[in-house]
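Let me begin by presenting the structure, written as structure tokens, before commenting on it.
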Protein chains: 6
Amino acid sequence: MNQTMTRRRILTINPNSSAAVTAAIDEAVAPLRIPGGPEIVVVGLAEGPPSITSQRDADSVVMPLVNRVAREDADAFVLACFSDPGLHAVREAAGGRPVMGIAEWGILRALTLGERFGIIALSPQSIRRQQRMVRQMGFEARYAGSWSVGASAAETAGADIRGRLIEAGRALVTQPGADVVVMGCAGMASHRAAIEEAIGVPVVEPAQQAVAAAIGAVLLRA
Amino acid sequence: MNQTMTRRRILTINPNSSAAVTAAIDEAVAPLRIPGGPEIVVVGLAEGPPSITSQRDADSVVMPLVNRVAREDADAFVLACFSDPGLHAVREAAGGRPVMGIAEWGILRALTLGERFGIIALSPQSIRRQQRMVRQMGFEARYAGSWSVGASAAETAGADIRGRLIEAGRALVTQPGADVVVMGCAGMASHRAAIEEAIGVPVVEPAQQAVAAAIGAVLLRA
Amino acid sequence: MNQTMTRRRILTINPNSSAAVTAAIDEAVAPLRIPGGPEIVVVGLAEGPPSITSQRDADSVVMPLVNRVAREDADAFVLACFSDPGLHAVREAAGGRPVMGIAEWGILRALTLGERFGIIALSPQSIRRQQRMVRQMGFEARYAGSWSVGASAAETAGADIRGRLIEAGRALVTQPGADVVVMGCAGMASHRAAIEEAIGVPVVEPAQQAVAAAIGAVLLRA
Amino acid sequence: MNQTMTRRRILTINPNSSAAVTAAIDEAVAPLRIPGGPEIVVVGLAEGPPSITSQRDADSVVMPLVNRVAREDADAFVLACFSDPGLHAVREAAGGRPVMGIAEWGILRALTLGERFGIIALSPQSIRRQQRMVRQMGFEARYAGSWSVGASAAETAGADIRGRLIEAGRALVTQPGADVVVMGCAGMASHRAAIEEAIGVPVVEPAQQAVAAAIGAVLLRA
Amino acid sequence: MNQTMTRRRILTINPNSSAAVTAAIDEAVAPLRIPGGPEIVVVGLAEGPPSITSQRDADSVVMPLVNRVAREDADAFVLACFSDPGLHAVREAAGGRPVMGIAEWGILRALTLGERFGIIALSPQSIRRQQRMVRQMGFEARYAGSWSVGASAAETAGADIRGRLIEAGRALVTQPGADVVVMGCAGMASHRAAIEEAIGVPVVEPAQQAVAAAIGAVLLRA
Amino acid sequence: MNQTMTRRRILTINPNSSAAVTAAIDEAVAPLRIPGGPEIVVVGLAEGPPSITSQRDADSVVMPLVNRVAREDADAFVLACFSDPGLHAVREAAGGRPVMGIAEWGILRALTLGERFGIIALSPQSIRRQQRMVRQMGFEARYAGSWSVGASAAETAGADIRGRLIEAGRALVTQPGADVVVMGCAGMASHRAAIEEAIGVPVVEPAQQAVAAAIGAVLLRA
């Protein structure tokens, strides 16, 4: 039992500046907070755009994330934007401390729940970014495709969007033949169970998976 | 905090009958036992062979695993043999409870630590099984290859094997160009840090990764 | 001419216990019985389930097949279930005698008849198993997809199912763009010509192909 | 038993003009001649070059093959050059009669005997052609590589070359890690068993495999 | 400035005998004719068929192209048929002078304009040829698919076909999800801008791209 | 002839701050400056690091490049760093004007000169970035690998490095089996012909290829 040392801390950074999304992430990861486990802190990134839509949006947060991580003394980091912006540069900056991307871990978990995963995307621009990301990961053989709901990150944290999320999830199952669905944004957690119920295949919330992975990594480095 | 409920339990089953391997796994996952977290139990499989070498060995434990999981009331299961024997049939038997394979999770974790993973294998027969498994997972683009140490599972849990494990790890780095190495057996955990130190790239112990993943899955289903 | 020796024997084992399916296979391979060629025997597996639907069903016949093959003195074996259950373990047990899987050979033959093959599947569960199998074979680049008829193996041996088989074959051509179709069960042979006629692309009966391949293997080892 | 009809005929065409190679093929397929089976005829192509080395050599025989097949009344055809020259155009010309390429069938058979096949090539130019061919087939995930012996087709039919063939086979096993080897020319059959014995993995003679496949196709169309 | 030497010449060969297609290519490449750049000549192939539809058509022009290129003294060659017939044999014949295929360069340019390219094909037969070609290139991960307009090469050079070309382009975007479209024939250039306007994604005319590439190759060899 | 309009301009940006590298690029692209063709301007990026080694180096120039391109009125852009930093964000900023990456075009050109390309890399860190880039492009089937010379960008522009570049090129040919080599940095052009001569396979200088592609794109948009 790794108890005698100072409590470990996982810093989850939402790279957009939407407080609604930061709050949604904070709530999503609550089940992962346990007495003997690491502290889980969720923060926003002041320099971030309101929503990460364009490639420019994604790239604009890379250096701020690199600089933030370099000066933080957390034991592990989670980048809570589904573009995993700057993942490899942030890893350099973290000096060996674990850095988890939510797209990375949302997709990895999905690979254990079905044969072909689909992604609910915010926009057509996100889809192209996801196509590049999945190819870079080398997972095309398992990728059914992405489906856009045409919304900002903050909108997906709200209640009104649920119908469209379910529709997108269902389209991924019936059209490209996904048998597991990943939510392609950090703010959608409150809808996870409802979508899963509605579409009949597992639905993965990626921020939860990345934080869970960070817990394991922190404990195993103890 | 998910405290008021009964404590969750993760059952880790070593499908071979080697007590040395079961003990090695038990020790390997110790850092993952935390207050407030799930109970982690490691057991052997009486019906299993001493070491899983041939494909027949691997296939012979599938129905015993299926039957064992069907009658256990654990909250999640880890199959602690690097062949992930019967993974999909055991999932059917688990009725929705998470079932984690150690090859699966050892490899998934490696995918976040390098670009091309190598596997330290027990035998040439294991290598061919690993080649089929990696293709089935759809991860060939990230797979550098496997290297055999010519040993049984129980031998790899002992101290004498360390030199050969290091040699195999180094061969994976210098020849097919792996930049992360997965230990291809459940009993090798005591050598992990020493190999990593010796070969200069991350080394992943798969049973630890599968149990860590099971913790996340159990907490998120709370 | 390899005549002076004892007549060679190919044992085709239907791993389910449906006599209708065994009879259908026996009839399907009749054109391959020729004077001077090997004897072709088709048997059922008493231990098998009535139809192989779940992964558990498929895995449950592996050890019975291994044991049966080990004690038979045939010159070659055909595993006549489209899951190719236990193919690699049975090969070990056969001690160098050829062992042919029907999925394997049905798909290989299809690769010579079109660019992208589709599979008529018994059930959605079979589809996921086929997706794993095709990836394991490394043939995803040639795989259009599978289409379920929602039937048991025995039902597909009967006459009533023909309309649904044709419908599935046509769906594979028009939707994922298959230009050759493999029948994903050993009992469908009586419908082959009718489906081919109806859908306008080649349709492959897999048990015939595996037995044909076994004939070649037996003659070449003479 | 398909006896009452006229005996079926498989025409095997060696697209080069080397009589030594044609004779070697004829001898290689002798075990496949059985009383009740199809007649197997092996012929050379007068218009062909002495050995097919360059891409020009391979392309130069396509139209002669197309024209020859169009005017022959055989029941099936085998193109006995490892470049499978004109395979798809010849299929058009054959009007539905089976046309088998030896590279195609040599490789397909190898896929059932190992996880990663290697090819013994005549020359570096053949290697590049084989790389294109394997990618076109979609089998890269199973391809270990090719190794050149630096010889013409006719030379490989002779006895002197055996040592170099064994050396190339061994190099394929120890270097890119092949566990099954395909002979990349139609004339090497007399060396097959010796190479297999020497290198310890299965060695496939492709003309035998293509003719065996043609037998199956002819019987099943009866 | 490479001015003092004789003016370089790029010979573009339309392998079919349609004067309408040759004229369409000549007009398509006009913007690439610049004072200090190489001369761009477009010719037909007298021996070619009126349109290249079957595989036989494609293969029938290979040796005429090889012979033509061998005796021409141009500095670079463009093969202006979307089957890239004889590309590798013509390269041998060109003795080191650049030879560009239009399918090759149309597709390469498309890879820089979108994530997944689609091809407007003349016929279902062309589609199968394109599937083989894309696999041979190793680009399946970027290939959305092909869509047939059911027309000859000469027809696509005319005005009447525009509606069907637009329809095919739109189908490629909405169904397999192409985000860039390649025109699968050398004669369609006059429709490029109109299709692009209508379907909202980039449309690539392949003969222009191959000639542009030849200009670069010629200048860089100066 | 597109003569009456204002002369087009291609702006080539070297994202590092090494004047030696900028000068080397300027000289490399000289053969592409022709009367009647676009003006080709090569500039450095003041904000860039001396050499792009780490992922952080590569990511640090993205927003400066985005901002620079957005305010320049050139007709096309070339990003002259082999990491193609910010390629997709710069394309957004360019508002439809062509943006060419040198890695992208160096690799595309190589795909037309051989079957399997290798890359001469500056450092082991560059290799991992190249592995991710090649997977993202979807070209793994054609990628032999990368080989590090352990040098900065500026060093590769100097004369002393030639021996090590040749050694790396030769290693790519003899070990992973490359048959065409791409120079993995913008400053190596002066060594291209010497390496090609020494190793016997084509060697591609990527800045030249990207500028050549930009010329074609600019002319075709005229």
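The values are calculated or read from the model by the stated rules, or taken from the named source; none is laboratory data. Fair warning: this is a prediction, and the values are worked out from it, not measured in the lab. Methodologically, a virtual Cβ is constructed for each residue, glycine included, from the backbone with ideal geometry; neighbour enumeration extends over all protein chains shown. Only protein heavy atoms, including side chains, enter the accessible area calculation; ligands, DNA and RNA are left aside. Shrake-Rupley method; radii C 1.70, N 1.55, O 1.52, S 1.80 Å.
Sorted from shortest to longest, the distances between the residue E:190 label points of this copy and the other copies are 5.2, 6.0, 6.0, 6.4, 8.2 nm, with each point 7 Å from Cα along the line through the beta carbon.
Here residue A:36 yields copy-to-copy label distances, from shortest upward, of 1.2, 7.2, 7.6, 7.6, 8.1 nm, the label point defined as 7 Å from Cα along Cα to C-beta.
I'd like the mean, over residues of B:127-136, of how many other protein chain beta carbons sit within 10 Å of each residue's own Cβ.
Shielding by partners across B:127-136 averages 5.
Within the protein assembly as shown, DSSP assigns beta bridges of which about 0% are antiparallel (rounded to the nearest 5). Before I look further, what does the range C:103-205 give for accessible area per residue, probe 1.4 Å, in whole square angstrom? Per-residue accessible area for the range C:103-205 comes out at 31 Å². Residue-wise HN-Hα couplings along the range A:85-95, as the Karplus relation 6.51 cos²θ - 1.76 cosθ + 1.60 with θ = phi - 60° gives them from phi, are x, x, 3, 6, 5, 5, 4, 4, 5, 7, x Hz; Gly and Pro carry x. Carbon-plus-sulfur accessible fraction, the protein assembly as shown (probe radius 1.4 Å, protein heavy atoms only): 49%. Annotation: amide H-H contacts under 5 Å for residue A:47 (H modelled 1.01 Å from N, sequence separation of 5 or more, or interchain): none. Within the range D:167-181, the residues that become at least 10 Å² less accessible when every protein chain is included than when their own chain is isolated (1.4 Å probe; DNA, RNA and ligands ignored) are D:179. Closest approach of a chain A Cβ to the axis relating A and F (residue, whole Å): A:136, 2. Peptide D:62-72 has a mean of 2 when you count, residue by residue, the C-beta atoms of other protein chains within 10 Å of its C-beta. Across peptide E:45-57, the mean count of Cβ atoms from other chains lying within 10 Å of each residue's own Cβ comes to 2. Derived scalar couplings between HN and Hα for the range E:154-166 equal 4, 4, 6, 7, x, 7, 5, 7, 3, x, 5, 5, 5 Hz in order, rounded to whole Hz, by the Karplus curve 6.51 cos²θ - 1.76 cosθ + 1.60 (θ = phi - 60°), x for Gly and Pro. Taking the alpha-carbon centroid of each part, what is the distance from the range A:30-45 to the range B:22-83 in angstrom? Distance between centres, Cα-based: 29 Å. Normalised by 2.2 N^0.38 Å, where N counts its residues, the alpha-carbon radius of gyration of the protein assembly as shown equals 0.91.
Proximity of backbone amide H atoms, modeled 1.01 Å from N, is registered between residue C:180 and C:116, C:118 at under 5 Å, excluding neighbours fewer than 5 places apart on the same chain. Starting from the label point of residue F:19 at 7 Å along Cα→Cβ, the same points in the other copies fall at 5.1, 6.2, 7.7, 7.7, 9.5 nm, in ascending order. Total buried accessible area between B and A, probe 1.4 Å, nearest 100: 2800 Å². Distances between placed amide hydrogens fall under 5 Å for residue F:99 paired with F:77, all partners being 5 or more residues away or on another chain.
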